[in-house]
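Inspection log for the structure reproduced underneath, given as structure tokens.
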Amino acid sequence: MDEDKTSPSAVLAVAGKKSEEFSDLLSKIEYATGETKKLWFEIYDNAVDARAHAMLLFSDIYRHVAGDPNGHALHGKLVTQYLERMDRANDQLLRLAELIYTASGGGADVDAEALYDEISKK
């Protein structure tokens with residue numbers, strides 16, 4: 001039987017895989033120092049981890065709130081906070097993509113969405 005995609009172990013496994021793939025991507029970058037790559041990895045890993053944990057909390061409470069007006073009234077603000085946390089993690093990833101692009105000599109015109117899509121493909 002397949003495991004639910006929103007189970008804690010599945011969500012955290014995906015986050016771990018993304019971090020491994022990002023680490024592989026960083027190893028191919030030649031223009032950054034080891035210390036810079038380490039900091040970039042920490043930023044990425046922290047953002048992906050925060051997003052995964054917020055997703056777990058959101059999914060858990062969403063199951064209890066969906067279709068229940070009283071649940072919405074009671075937990076709506078908390079659901080919003082989890083969504084905002086995931087959004088902030090996405091913003092951190094976009095900012096990281098901008099940093100990497102700028103460090104590569106890419107210049108000031110950064111297409112953050114394209115960079116995020118490239119990182120997400122890995």
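Mind checking which residues of the stretch 4-33 are under 26 Å from L99 (Cβ atoms) and of a type in the set (D, E)?
Matches in the stretch 4-33: E20, E21, D24, E30.
Would you confirm, using the coordinates I've provided, whether L74 is closer than 21 Å to E20 by Cβ and in a helix (DSSP H, G or I)?
Working: closer than 21 Å to E20 by Cβ: no; in a helix (DSSP H, G or I): yes.
Considered against the rule, which asks whether it is closer than 21 Å to E20 by Cβ and in a helix (DSSP H, G or I), L74 comes out as no.
Give the residues of the stretch 91-120 that are modelled with pLDDT under 75, part of a helix (DSSP H, G or I) and surrounded by 13 or more Cβ atoms within 10 Å (Cβ to Cβ), sorted by residue number.
Of everything in the stretch 91-120, those that are modelled with pLDDT under 75, part of a helix (DSSP H, G or I) and surrounded by 13 or more Cβ atoms within 10 Å (Cβ to Cβ) turn out to be A112, L115, Y116, E118, I119.
Restricting to the stretch 1-36, and then to whatever is in contact (Cβ under 8 Å) with a residue 24 or more places away in the chain, more than 17 Å from the chain's Cα centre (by Cα) and assigned to a loop (DSSP other than H, G, I, E, B), can you tell me which residue is surrounded by the most Cβ atoms within 10 Å (Cβ to Cβ)?
My answer is A32.
Return only the number of the condition from (1) at pLDDT below 95; (2) loosely packed, with under 13 Cβ neighbours inside 10 Å that E84 does not satisfy.
(1)
The values are calculated or read from the model by the stated rules, or taken from the named source; none is laboratory data. From a predicted model like this one, the values you see are computed outputs, not experimental measurements. Here the Cβ is made from the backbone with ideal geometry for all residues, glycine too, and neighbour counts use every protein chain on show.
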